[in-house]
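Student: Have a look at this one.
Nothing in this text is a laboratory measurement; each read-out follows from the coordinates by a stated rule. Note that the structure is a prediction, hence the values are computed from the model and not measured. All Cβ positions, glycine included, derive from the backbone under ideal geometry; neighbour counts span all protein chains shown.
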Amino acid sequence: MAELLIIRHGQASFGAENYDVLSDLGRAQARAAGEWLRNMGWVPDRVITGALNRQIDTASEMGFDPEREEHAGWDEYDFGSLLLSRFEGKMPDLHSGDRKLHFRTLRETVFQWQRDEIENPYETWAAFVARVEAARAAAVDTKAKRVLVVSSGGVIGQVAAASLQAPAEHMMNLNLQIKNAAMTRFMFSGSMFSLNEFNATPQYATPDGFKLMSYS
């Protein structure tokens, strides 16, 4: 039996012009995750990320030795592009500090995307599902016993929901729960693939570690 451990990237730059940059907190979160895994004797045989800077830099801060592989199937869906399609090019103001509005709009937009109610999206929901599955299949097509992937909340939510054969909407319910640098673990062998642990953050389970926790 082998393990696929998917880590969500550390905190990125929420509300900034370029979101795809780790904050100082995000870098500290990544280092804490890597240190906890090493202390537990868990060292990966493979390290894979998507092509996004926040994923690549999280893997770098974790500090494991295997040469990093890259598969764009682990990239997050592009919320900004979905918003432009949903609102016909008129981007709503979601950077005014109202986090509830931001995440409510995110949830509603993804649900519409899943139901094919957004015209001409940059990527269809079916295409997103297919590329995430291709990335998952490539990660487990290996003789490695411990595979570490750094990805993003929507992708992790989709892999978890698919492994449970849950309705599409469940992906978003999972997505919005996932903490920065949280660990979601799957066991695999041949065609068997099952969820073992979801959204775990043991590296934050101390008074000092708790100060590192964030969701966005």
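Student: Tell me what the chain gives for mean residue ellipticity at 222 nm when only DSSP H runs of n ≥ 4 count, each as -39,500 (n - 2.57), the sum divided by the residue total, rounded to 500 deg cm²/dmol.
Tutor: Rounded to the nearest 500, it is -12500 deg cm²/dmol.
Student: Can you give me the long-range amide H partners of residue 70? Hydrogens built in the peptide plane at 1.01 Å from N, cutoff under 5 Å, separation of 5 or more residues or another chain.
Tutor: Those qualifying (amide H under 5 Å, at least 5 residues apart or on another chain) are 49.
Student: Also, quick follow-up: Quote the relative contact order of the chain in percent (integer), defining contacts as alpha-carbon pairs under 8 Å separated by 6+ residues.
Tutor: Over the chain, the number comes to 31 percent.
Student: I want the antiparallel fraction of DSSP beta bridges within the chain, as a percent rounded to 5. All intermediate terms of the calculation are to be shown ahead of the outcome.
Tutor: On the way: 12 of 25 bridges.
The antiparallel proportion sits near 50 percent.
Student: Arrange the peptides 188-196, 20-28, 149-157, 49-57 so that the one whose residues have, on average, the most other Cβ atoms within 10 Å appears first.
Tutor: Answer by packing, highest mean first, reads 149-157, 49-57, 20-28, 188-196.
Student: Let me ask something else about it. Using the Cα atoms of the chain, I'd like the radius of gyration and the largest Cα-Cα distance, Dmax, both in angstrom.
Tutor: 16.8, 51
Student: By a straight-distance test (C-alpha under 18 Å), which lysines pair with residue 211 as possible cross-link partners, with residues fewer than eight away in the same chain excluded?
Tutor: 179
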